[in-house]
2 protein chains.
Amino acid sequence: MVSAILEEIKKTIVHGLPPRVQVAKVEFEGPEVVIYTKNPEIITENGDLIRDLAKDIRKRIIIRSDRSVLSEPEKAIAKIHEIVPEEAKITNISFDEVTCEVIIEARKPGLVIGKYGSTSREIVKKIGWAPKILRTPPISSEIIQRIRRTLRHNSKERKKILQELGNRIHQGIKYENDWTRLTSMGGFREVGRSCLFLQTPNSRVLLDCGVNVAGGDEKSSYPFLNVPEFVLDDLDAVIISHAHLDHSGFLPYLYHYGYEGPVYCTTPTRDLMTLLQLDHIDIAHREDEPLPFNVKHVKKSVKHTITLDYGEVTDIAPDIRLTLHNSGHILGSAMSHMHIGDGQHNMVYTGDFKYERSRLLETAVTKFPRIETLVMESTYGGHEDVQPSRNTAEKELMKTIYHTLRRGGKILIPVFAVGRAQELMIVLEEYMRNGLIEDVPIYIDGMIWEANAIHTARPEYLSKDLRDQIFHMGRNPFISEVFHKVNGLDERKSIVEGEPSIILSTSGMLTGGNSVEYFKWLCGDERNSLVFVGYQAEGSLGRRIQKGWKEIPLKEEGKTKVFHVNMGIKTIEGFSGHSDRRQLMDYVRRLSPKPEKILICHGDNYKTLDLASSLYRSYKIETKTPMNLETVRIQ
Amino acid sequence: MVSAILEEIKKTIVHGLPPRVQVAKVEFEGPEVVIYTKNPEIITENGDLIRDLAKDIRKRIIIRSDRSVLSEPEKAIAKIHEIVPEEAKITNISFDEVTCEVIIEARKPGLVIGKYGSTSREIVKKIGWAPKILRTPPISSEIIQRIRRTLRHNSKERKKILQELGNRIHQGIKYENDWTRLTSMGGFREVGRSCLFLQTPNSRVLLDCGVNVAGGDEKSSYPFLNVPEFVLDDLDAVIISHAHLDHSGFLPYLYHYGYEGPVYCTTPTRDLMTLLQLDHIDIAHREDEPLPFNVKHVKKSVKHTITLDYGEVTDIAPDIRLTLHNSGHILGSAMSHMHIGDGQHNMVYTGDFKYERSRLLETAVTKFPRIETLVMESTYGGHEDVQPSRNTAEKELMKTIYHTLRRGGKILIPVFAVGRAQELMIVLEEYMRNGLIEDVPIYIDGMIWEANAIHTARPEYLSKDLRDQIFHMGRNPFISEVFHKVNGLDERKSIVEGEPSIILSTSGMLTGGNSVEYFKWLCGDERNSLVFVGYQAEGSLGRRIQKGWKEIPLKEEGKTKVFHVNMGIKTIEGFSGHSDRRQLMDYVRRLSPKPEKILICHGDNYKTLDLASSLYRSYKIETKTPMNLETVRIQ
């Protein structure tokens, strides 16, 4: 079956290319078709040709050089330096013998590509190796380096993985696609452990695989992978909507238990979730409550990840085409559009989404080619969940900072490392640059800095305003000198004893990490302020302080000590990465085309039901609110 | 695990029995505990002892004799004839070497049992063999004979099956029972191919496994056994609610594809469904559209069947206790009450049910120890589905018969072999006996006669009135001489050419069988009447005639011939074996205790939804109307 399909494609390709192009080999590599040729330069010179071919065969095409035309690596390096202007600031060049690619890392990758790709075409023409151009982040990222290293060192294994996957995807349809089902395996009528299982007669796909970090035990923390229809061996693909652990945290477990298939997500999601997963393992280890998987399985997951850009249509199973679209929640967060069968059904899983432009990201996408079923989140789905505007929230924050600094105090803002931290940094940088808040040091502590590095490595995923600022005005707020990275305990102590300042530190709900240490040091002084900008879960220290607790028993040097809360406590709403109630309702109103059915997930029981009934009443669209472990037929 | 449980039970048994009882062996045999003893007479003499023991260990107990105490078969036979009074009319005695039982078939089994079991106790005391007493039907039944023969000849294999099953049932619970799910595999939002799949963390049970005989192709005829959660190897049990093919017709397929587990149902259900399954295979074979299984698989299913009486509580899985209750639909039809886990959940699946006493059967049971989830049928669930009373229906029938006979015509009543046929026979017999209709022959053609035989073999399943009539007044309407069995074509022809008469013949919807032949012979004469007493499905010849078609093209001797309908056409409602709309509503009102949730099945889309919303509005009980392939969590 596979070979017949491949033969067909090969014929189309040979027929579609100019006769002087020598096609050495055509093969599947994951969802893509790879053409090996002795004249890569001819093809790459003509972008339209490839675009038309890709359209014809309805597959993504990669051009690679045949081994016979490759230059010696040393000569190739010299040639690259000759061709690429110095301002590109190349930081590393390496060769992938398996894929015949040269990997060029540069501070300004645009200059390696050149206008309309002219420079990179020149490279392939001169040295044979096809250039794969990566951005060297302006802040060095350990995670990105590790991931790139892993992929480089396992190039052969990865090629094998991709070839096997390619064969699986292209094996053709066995059964008529006369039904499509969704089983809720986690994150329905609750927030946490998001996990949705899509089944057709031909394939099985998992959408998200999260953990509930606030869950008390295994039973409430992990998705229901023991649901009878879920058989790991039969799984075709996993899609991760975004990096937060409640959507990605249980992915390594699948690899631990023998999953050998692919994970699809955006590049920032891969990088950020790797960061968060490793941190999760680390924390669990330190707290002596190890997770049921380890670093090895995170690495295995990286090796099996296929990154997709927004808008890239990709076959992920014989009968499913996936396209990711911006969901506006955090860097790289995506809505998954699935085209099932030969047009039998189209569904969109929103993941977490923000239907409002933030400083960091564009707003969630509302236009799709087709959509029969929508699965949407409802974190703020209650009718009372209307939040102040971003503007009001920012003003409130500035006011608090202003007053605290004026009385000589310090401001502690506990933040989650990915998302809110970066959003706040952009706000603070702008206000400080414009003189709207006093020029004091802003300290960035914990994993935030690493997350920043990943943000700066992927500016193409940021909002247009921010991109313009970075590329055209040369002003990257993440590397602004108003921010100071905190290294170690001594520095922390001197910050606490020093002049007025602003401190951003993890964890966001004071459930551990350095934010708790800062709190212990700062809480006694009434000049200081503690500012909450994110959701504080029931049971967290943050929530207790919000409720007005004034005496907090906490461990210090092994002993429990009572801390008296004298500092000012302030909660500022409106910075959330989730759509509030109005935005959720508006999103469905603006969605085009209208879905026939909406399933509601990712919300407390009451909020799920409240949003469902409001959507039905307002738009007369059938809504469903399945519980975990239920299966809904969508076609 | 099993051995530990068995050890515990053995201890309780030895402790609970008088010291002079020598317990040779205790073992599991399917859901039952079998005690082998050298003094079976001591135990059987004391019924309370066993009852108390059974209560203690919460299992059903069977007493069997140790091989060492068995008499020679020849001597045993002589002894039995000595002990049992002649009036019992023993027709057969055979010995089961595997179970050490003597199987005594008699016309009056009550006399073999004796008052409070005195005679059967006497037998075991004298010959060692434990008597298993079966009724010899007053009408000889080929099916019952075949089934008894199959079980006798495969006694050893069956014992092995039961022992393996016993071990599986008693293996103990592996996982906490924190959820229970139901997957609709057929018969939801439709009538036909009923199939419901119950899953807990510890076990999987299939409730019914039917075919849609009116389904055009495989896709619409058979249940969705390809649903991902259904894995034949993992199935613990199948329960068949009643014998009709839309509930039992696909059972042999499971055995064809490797199922080795048990089927639970009442004895009449086993006998009737075997009859209908064999007939189905036969018809399909004749029509050259063979089914995906054959007679071998029906036989395999018989060997794996465990019959239960109404009210008998039985472990069918480590965490599920099943009790069957009368559902009033046809002989042996049952509602399944499932007690799940350690009281976590109780559900009732009604199967098809009649909430009204008929002449044949008592009304459906409404009292259960506990019930959280009810799954109920909705065949007549539309608010317009109110049927005339039984009385009105009977009068209507008599009127039609009276007028037809008076004008010298014949009455053709197409009936389904099981259920309506017997109900009508009782009515006709009574009216004729009381002189309310003229004394003409009533011809019974087709499989009805065999179904009658099964009815007469199981009088304990009939209504109290009918039982009284049979046992106390010695008047069994099924063997009344007003009925004449039709044998072969010649007899049929002479009936048609003969005097006025009443003819009951299958099939019930004129979709084949002899009723169509009679129709062809009788339709031209305007003195004759065609009376419909059952549901005529869309697409059937019956429905077309009901609609008023007057020219019917039908095959005769290989050629298509047009038949002109001159005979009178009459449809009489009110004989249905299904509850009408009022009875469905009443049933839920009277149900005790009230369920928390109701799932509606076995009804056209509109009727399902109509009944669900009426039930919700009337009783404020949550109702659900899943589609096929959906899964609902009930706990």
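Odds and ends about this structure:
- Scanning region A:497-519 for residues that are among the hydrophobic types (A, V, I, L, M, F, W, C), under 25 Å from the mean Cα position of the chain (by Cα) and at pLDDT 95 or above turns up at least one hit.
- Within this structure, residue B:148 passes the test of being under 20 Å from residue B:451 (Cα atoms), surrounded by fewer than 19 Cβ atoms within 10 Å (Cβ to Cβ) and out of contact with any Phe, Trp or Tyr (no Cβ under 7 Å at 6 or more places or on another chain).
- Test: residue in region B:172-181 that is at the interface with another protein chain (Cβ under 10 Å from one of its Cβ atoms), open to solvent by 10 Å² or more (accessible area, probe 1.4 Å) and in a strand (DSSP E or B): no
- Test: residue in region A:209-220 that is closer than 16 Å to residue A:276 by Cβ, among the hydroxyl-bearing types (Ser, Thr, Tyr) and either in contact with a strand residue (DSSP E or B) (Cβ under 8 Å, 6 or more places away or on another chain) or assigned by TED's automatic domain parsing to the domain that holds residue A:292 (or both): no
- Count of residues meeting criterion [touching a residue at least 60 places away in the same chain (Cβ under 8 Å) and part of a helix (DSSP H, G or I)] in region B:441-450: 2
- Condition broken by residue A:599, with the remaining ones in (1) open to solvent by less than 10 Å² (accessible area, probe 1.4 Å); (2) within 14 Å of chain B (Cβ to nearest Cβ); (3) not in a strand (DSSP E or B) satisfied: (3)
- Filter result (under 16 Å from residue B:92 (Cα atoms), touching a residue at least 40 places away in the same chain (Cβ under 8 Å) and in a helix (DSSP H, G or I)) within region B:111-145: B:120, B:123, B:142, B:144
- Test: residue in region B:268-275 that is open to solvent by 40 Å² or more (accessible area, probe 1.4 Å) and either basic (Lys, Arg) or touching a strand residue (DSSP E or B) at 6+ places or on another chain (Cβ under 8 Å) (or both): no
- Residue in region A:234-252 that is within 13 Å of another protein chain (Cβ to nearest Cβ), surrounded by fewer than 21 Cβ atoms within 10 Å (Cβ to Cβ) and free of Cβ contacts under 8 Å to residues at least 60 places away in the same chain present: yes
- Residue B:190 meets the conditions (1) open to solvent by 60 Å² or more (accessible area, probe 1.4 Å); (2) within 14 Å of chain A (Cβ to nearest Cβ); (3) in contact with a helix residue (DSSP H, G or I) (Cβ under 9 Å, 6 or more places away or on another chain) in every case but one. The failed one is (1).
- Per this entry, residue A:609 is counted among residues that are within 14 Å of chain B (Cβ to nearest Cβ) and part of a helix (DSSP H, G or I).
- Number of residues in region A:612-635 that are within 14 Å of chain B (Cβ to nearest Cβ) and outside any strand (DSSP E or B): the value is 8.
- Evaluation of residue A:223 against (1) within 14 Å of chain B (Cβ to nearest Cβ); (2) closer than 21 Å to residue A:321 by Cβ; (3) within 24 Å of the chain's Cα centre (by Cα) (one fails), failing number: (2)
- Among the residues of region A:195-212, those that are open to solvent by less than 10 Å² (accessible area, probe 1.4 Å) and either away from every other protein chain (no Cβ under 13 Å) or not in a strand (DSSP E or B) (or both) comprise A:195, A:196, A:200, A:203, A:207, A:208, A:209, A:210, A:211.
- Only one entry of A:148, A:189 meets the criterion of being part of a helix (DSSP H, G or I) and more than 30 Å from residue A:2 (Cβ to Cβ), and that entry is A:148.
- Top-ranked residue in region B:5-29 [being closer than 15 Å to residue B:39 by Cβ and in a helix (DSSP H, G or I); ranked as most open to solvent (accessible area, probe 1.4 Å)]: B:14
This table checks each residue for (1) in contact (Cβ under 8 Å) with a residue 24 or more places away in the chain; (2) in contact with a strand residue (DSSP E or B) (Cβ under 9 Å, 6 or more places away or on another chain).
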site	(1), (2)
A:419	yes, no
A:426	yes, no
A:429	yes, yes
A:452	yes, yes
A:461	yes, yes
A:476	yes, no
A:485	yes, yes
A:490	no, no
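The values are calculated or read from the model by the stated rules, or taken from the named source; none is laboratory data. Everything numeric in this text was worked out from a predicted model, so none of it was measured. Neighbour counts run over all protein chains shown; Cβ positions are idealised from the backbone, glycine included. SASA here: full protein model, heavy atoms, side chains in, ligands and nucleic acids out. Shrake-Rupley method; radii C 1.70, N 1.55, O 1.52, S 1.80 Å.
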